Amino acid sequence: MKRLCAVGLVVALGVGAAPLRKIQFTDTKLKNGLRVIISEDHAAPVFSIVVNYNVGSRDERKGRTGFAHLFEHMMFKGSENVGQNEHPYLMFMNGGTMNGTTSKDRTMYYETLPANQLDLALFLEADRMRSLTITKDNLDNQRNAVQEERRLAVDNQPYGKTFEAIDELAYENFAYEHSVIGSMADLSAASVDDVAGFFKMYYAPNNAVVAIVGDVDPKTALAKVEKYFGGIAAQPAPPKIDLTEPAQKEERRLTLEDGLARLSRLDMAYKIPPGVSSDRDSLSVLGTILSGGRSSRFYESIVRQKQLSAGVGAGTDGSVGPGLFNVSGTALPGKTLKELEEAIDQEIDRLKTAPIADWEIEKARTGARRSFVAGLGSSINRAVQLSEDALFYNDPDRINTRADRIAKVTAADVQRVANQYLVKTNRSVVWTVPKPPAAGRGGQ
Amino acid sequence: MPVRIFVLMIGLIASALPQAPAAPPQPSTTQMVLKGKAPVSNDILKVKLPRPQEVDLPNGLHLMVLEDHRLPQVTFTLMIPGAGGYLDPPDKIGLASYTASLMREGTKTRTSPQISEALETMAATLNVGSGLSGTTATISGGSLSENFDKLMDLTAEVLLSPSFDPGEWDRFKTRTKAGLIQQRTNPGFLASETFNRVVFGSHPAGRISPTAANLDAITPEALAEFHRTHYAPDHAAIAFAGDISLADARKLVEAKLGGWKKAGVAKPSVTDPDLMGPPKVYLIARPGSVQTTLYVGTQSFRRTDPDYAALTVVNRVLGGTMGRLFRHLREEKGYTYGIGSGFSATLYRGSWTSSTSVRTDVTEPALTDLLAEIAELRDKPVPENELADAKRAIVGSFARDLESPQQVLGYYIDNWTYGLPADYWDTYPARITAVSAAQAQAAAQKYWAPSRLQIVAVGDATKVTDILRKKGTLEVFDADGNPMK
């Protein structure tokens, strides 16, 4: 067991504002490679635990899209010492809450519980990391639940297919090109062998981070983590996925018809650099200026003045690898997508050349400070951030530097990234237009 | 800090009732195996739920403060009875809601964009809202401590001198009408619209959305008039949580809202919705739908009803997280991604609803199983272990609320709103714990009687009409609410 670092307390200053408290944590690696981050906070008699695995839909192969997420469902179906669905049942029946979530880059499991149930959480998480029960019955059953999840979130929703189309158009690399939920055909094809192989390769202690935040004693908590997880064998490191994207040379466009939609919708995605790039901070400030709240440029110009849309959103995604800066909005009745797109382009052009007001930069800075403070009020929020920053960037202390990083972004930085990334040859555009239902499908 | 506290015994239920033994009786549905090997703590965890300090101010305003200096931020909620949608005239549904929305769209001294800029530059929030059914309008917001004084300046402006600018009203109407179109694509909206109409009839509780005609009938003058006559402090309350003391909160309220004078208005009174008609099945045709969205439900009771604890417990068994509906219809049968049940209870009778979305071809077995799970709770007492688990789940979740002072304050706002006794939350765990299997069953029999259960479905009418007809008298509507056939 090797102590990597212990972060000290109190510093960090915003511009002319009260100092922000720094989040203190310990960062330890067990012999089997499991990284353990513990942050003590006795504000309330609860704690949160996150077990974050370094595997997501980016790791799926062709023909098995949706597998990482399907696997996430299997993690609740029992292990050597835990019965089928016993894990969630024990959590909720003891005053806790829990869930799992899968993204392109990671699969995360989390619980928040009263402080006296630390052993329970660690036992359940360790038992499934060590000895997941994999059966065909479980797989078939959760395949049904996931296919229903897809129907609910994608196939039965207006614009559901738009979300998939935009990634398919923007990305060339299969890793990020396909959706997390996957295709119905691929979900149907997943086998028990796939589940077993995936478990062995990715659900190993050396491919995971455990973060515990809240009403715990760090030394005791670490000893308990060692007790429950220490005996789980490390596995060979999984293959590293190449996420690189070829440079985009020209604008890509697609028009979709949607039988469930009633208003037309515009989606635009601009390619941006990987998550570790400092340009992401400038793009985040840019997103705030364009679409953060009702003082934003998109709202004032396109929603309030020109009345082309009820709301236009813009911002960076949270991807580790090459990302997208997404812009989207629906056109109000009687307005066209062409008008909406031109109005958005005008605002983006204005951002590139005309001055940015001081208050617009100040707004982004204060926003980062307030979201840091609000995050301190939630143990689960901190556990998620600490674990993701450790997993993605090998730097859990990023949680303490974000407000400062945003505070360093200048108006010149914002204009530079606007000119560099928000250009037509670097974007993919999807128009979704309502399709009237076919005659005779209406009812009786 | 002179805050009174009480002790909540988390785990008390666990120690007082049999804990899951090594070979526990299984809950009534499959797809769950309790091996009983995981180390569950039965220690009594003492939780101190702090109480707010409260005082009445001369203009009628009731002040509540939950002082908590853990974080440098303050939030507030101002509740104004008499300014809610319950008071809407029948031809101007939405009047209260739109009055609230427009208050934020400009004052005597600031335009809408100036308000947005001032708020967002200091990362503060300020929302004015009113539903279509309740008696109360709410103004709420929050900011870092260093900006809170300025936030209260803006709040006072929005509350006391909104301008109801005709240009802003026109813009608001245009945006809102797009939303009225958009919401009809959402199966959940279509289901609740019909469900509320069926359960509440013409009572304000039945309103889900205004119509475009309602919007056109409302003028800026009507908004200003509603504001002038309904926003009175006489029966209002303002509640603060976070980095602020009672003394500072009082000074702030006196300084910023000193101009808000008592109006001598009566406290709004309410009546219960009429009893429902006979149980029927309603289908809203949604062409192209690949799922059927199902609501099964009925009227519930007032917030102060003595059955509150019993229905809370039996509902937790049925439709709480990892409850019977989830274990049976999702985990065992794989019909759905999500299913659950819940109820509302306010100054007048609310509703109880169970709901889910299932793929079209399992509509019949899913609805049959949903009704069977409800029937099971009417017909048989809940086994003791399952009952104890449900009760522990309810009481145990209190500890998590302590992370958020706003959440704790919310409980005491309920006390004020519904006139609950001062020690209501002190004794709540004991009341939940005391619910017996017979009382839970009695609540199921009383509220979930077959003669009371209304069924609403949204889906592909070409595929599910005949199935639904088997479940009762069927009425079919299109997605715009027009009767079909």
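Derivation of every value follows stated rules applied to the coordinates shown; laboratory data play no part. Keep in mind that what you see is a predicted model, and the values were worked out from it rather than measured. Glycine also receives a Cβ, built like all others from the backbone with ideal geometry; neighbour counts cover every protein chain displayed.
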- [ ] Determine the shielding of peptide A:371-381 by partner chains: average, over its residues, the number of Cβ atoms on other chains within 10 angstrom of each Cβ.
- [x] 3
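Grab the Cα-Cα distance for B:Lys485 and B:Thr211, subtract it from 0.36 nm times how many residues apart they are, and report the gain in nm with one decimal.
Residue separation times 0.36 nm, minus the Cα-Cα distance, leaves 96.3 nm.
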TODO: Set the Förster distance to 30 Å, then compute FRET efficiency between A:Asp345 and B:His69 from the Cβ-Cβ distance, nearest 0.05.
DONE: 0.05
Task: Distance in nm between pseudo-label sites at A:Thr101 and B:Lys267 (7 Å out along the Cβ direction from Cα) - done: 4.2
Task: Distance histogram for chain A (every C-alpha pair counted, 20 angstrom bins, percent rounded to whole numbers) - done: 23, 53, 24, 1
Task: Structure-based [θ]222 nm, chain A - -39500 (n - 2.57) summed over DSSP H runs of at least 4, per residue, nearest 500 - done: -12000 deg cm²/dmol
- [ ] Kindly provide the GluC sites (Glu not before Pro) of the stretch B:165-227 that DSSP labels as loop, not H, G, I, E or B, and whose Cβ sees at most 15 other Cβ atoms within 10 Å.
- [x] none
Open item on the list: Give me A:Arg61, B:Arg378, A:Arg297, A:Arg350 sorted ascending by neighbouring Cβ count inside 10 Å, so fewest comes first.
Closed with: A:Arg61, A:Arg350, B:Arg378, A:Arg297
TODO: Report the relative contact order of the stretch B:153-286, percent, no decimals, based on alpha-carbon pairs under 8 angstrom and at least 6 residues apart.
DONE: 35
Open item on the list: Counting other beta carbons within 10 Å of each residue's own, what order do B:Val458, B:Val313, B:Val362, B:Val33 fall into, fewest first?
Closed with: B:Val33, B:Val362, B:Val313, B:Val458
TODO: Please report, to two decimal places, log10 I(q)/I(0) for the stretch A:90-177 at q = 0.13, 0.16, 0.22 Å⁻¹ as given by the Debye formula with identical point scatterers on the Cα atoms and no solvent.
DONE: -0.70, -0.94, -1.17
Open item on the list: Residue by residue through B:388-401, how many Cβ atoms from other chains fall within 10 Å of the Cβ on average?
Closed with: 5
Open item on the list: Quick check for you: which residues of the stretch A:283-302 have the amide N under 15 Å from the point 7 Å beyond the Cα of A:Gln420 toward its beta carbon?
Closed with: A:283-287
Task: Ranked B:Val74, A:Val303, criterion: other C-beta atoms within 10 Å, fewest first - done: A:Val303, B:Val74
Open item on the list: Would the protein assembly as shown count as rounded, prolate or oblate if I go by the C-alpha gyration tensor, calling it rounded below 1.5 in a/c and otherwise prolate when a/b exceeds b/c, oblate otherwise?
Closed with: rounded
Open item on the list: So if each residue of separation counts as 0.36 nm, and I subtract the Cα-Cα distance between B:Ala372 and B:Val55, what length gain in nm does that give?
Closed with: 109.1 nm
Open item on the list: For a test of the definition: using alpha carbon positions, the gyration tensor, and the 1.5 limit on a/c, classify the stretch B:281-477 as rounded, prolate or oblate.
Closed with: prolate
- [ ] First measure r as the distance between the Cβ atoms of B:Asp423 and B:Arg302, then evaluate 1/(1 + (r/R0)^6) with R0 = 22 Å and state the FRET efficiency to the nearest 0.05.
- [x] 0.65
TODO: Report the calculated FRET efficiency for A:Asp140 and B:Lys251 (r = Cβ-Cβ distance, R0 = 60 Å), to the nearest 0.05.
DONE: 0.40
Task: Relative packing of A:189-198, A:389-398, B:62-71, A:114-123, which averages over residues the other C-beta atoms within 10 Å, highest first - done: A:114-123, B:62-71, A:389-398, A:189-198
Task: Neighbouring partner chain Cβ atoms per residue of A:95-108, average, 10 Å criterion - done: 2
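Taking a ≥ b ≥ c as the square roots of the eigenvalues of the Cα gyration tensor of the stretch B:356-434, is the shape rounded (a/c under 1.5), prolate (a/b larger than b/c) or oblate?
prolate
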Task: Eligible lysines near B:Lys470 by straight Cα distance, threshold 24 Å, same-chain separation 8 or greater - done: B:Lys280, B:Lys333, B:Lys485
Open item on the list: Loop-only GluC sites (Glu not before Pro) in the stretch A:199-287, please: DSSP not H, G, I, E or B, and at most 11 other Cβ atoms within 10 Å.
Closed with: A:Glu250
- [ ] Please identify which residues in the stretch A:243-265 have an amide N closer than 15 Å to a label point set 7 Å out from the Cα of A:Thr336, following the Cα→Cβ vector.
- [x] A:264-265
